[in-house]
Amino acid sequence: MFSYRAAARFGDDFIAAVGIAVRILTIGAPPITGFCIGSQAVLGFGWGVRDFARVMKVAKSVLSITVALSFAYSAAVMLFVWPLVKLFSDSDKVTEIAVSSCIVFHLFFGLYGIQSFVTTMLQSQGRARLSAVVSFAGQGYLFIPAVLLFPLISGFSGVLASQAIAELGAGMIALFVILRQFVELRQGGPA
């Protein structure tokens, strides 16, 4: 919603282009999120019986799969961006804007696998607050200020940059949290 509102200042073609980029972005998220949710029962059981070696093993496996999926999806979108965008628009101007929007929106989608898994793992451990911090980063407290400020500074490029910067920040937060979780698990779980 914030992306559309920010793009609206530049005209209908820009709104359409952002809509296409967002649609393509959201196609990749559900399979990754679903895979993470599927692992939640195993993670939660291992956590509950304090089998931290099992939690670590499952976490590494699921994390490697989700990261591979998110990076593969991001790379595929960037490789086939023109034909993908053409599925949604026959306007040359919209297509041109949407192609650059898709590329920028998918720059850091590879980090979505980390963010989605970390959110799920924290929920399975009953750490709802920390899970919310990770979950709300990419489309919440990092994105909203960026999408309100950057377009004022950089025009439509600022709309695009706000998405990329928020996703990068969310990915870095998730990476920091998962590394801390792995240290905790190696040391035998929480104190």
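The values are calculated or read from the model by the stated rules, or taken from the named source; none is laboratory data. Since the structure is predicted, the reported quantities are computational estimates derived from the model, not experimental observations. Positions of Cβ are backbone-derived with ideal geometry, glycine not excepted, and every protein chain shown enters the neighbour counts. Each accessible area value is taken on the protein alone, full model and side chains, heavy atoms only, with ligands, DNA and RNA left out. Shrake-Rupley method; radii C 1.70, N 1.55, O 1.52, S 1.80 Å.
Reported count of residues in region 6-34, each being open to solvent by 30 Å² or more (accessible area, probe 1.4 Å), of a type outside the set (S, T, N, Q) and in contact (Cβ under 8 Å) with a residue 60 or more places away in the chain, is 7. Restricting region 171-191 to residues that are touching a residue at least 60 places away in the same chain (Cβ under 8 Å) and not in a helix (DSSP H, G or I) leaves a set whose member that is nearest to Arg5 (Cα to Cα) is Gly189. Within region 61-95, if we keep just the residues that are open to solvent by 50 Å² or more (accessible area, probe 1.4 Å) and polar (S, T, N, Q), the residue that is farthest from the chain's Cα centre (by Cα) turns out to be Ser61. Among the residues of region 139-152, those identified as within 12 Å of Ala6 (Cβ to Cβ) and open to solvent by 80 Å² or more (accessible area, probe 1.4 Å) are Leu148, Leu149, Leu152.
Are any of the residues in region 172-180 touching a Ser or Thr at 6+ places or on another chain (Cβ under 7 Å) and crowded, with 21+ Cβ neighbours inside 10 Å? Taking every residue of region 172-180 in turn, none turns out to be touching a Ser or Thr at 6+ places or on another chain (Cβ under 7 Å) and crowded, with 21+ Cβ neighbours inside 10 Å.
Checked against (1) of a type outside the set (D, E, K, R); (2) open to solvent by less than 10 Å² (accessible area, probe 1.4 Å); (3) within 18 Å of Arg23 (Cβ to Cβ), Ile103 meets all criteria but (2).
Residue check: Gln123 meets all listed conditions (1) closer than 27 Å to Val55 by Cβ; (2) of a type outside the set (Lys, Arg); (3) open to solvent by less than 30 Å² (accessible area, probe 1.4 Å); (4) touching a Ser or Thr at 6+ places or on another chain (Cβ under 9 Å) but one, namely (3). Remark: Leu168 falls outside the filter, which requires a residue to be in contact (Cβ under 8 Å) with a residue 24 or more places away in the chain, under 19 Å from Lys60 (Cβ atoms), part of a helix (DSSP H, G or I) and open to solvent by less than 70 Å² (accessible area, probe 1.4 Å).
Among the residues of region 35-49, the one identified as open to solvent by 70 Å² or more (accessible area, probe 1.4 Å) and of a type in the set (Gly, Ala, Ser) is Ala41.
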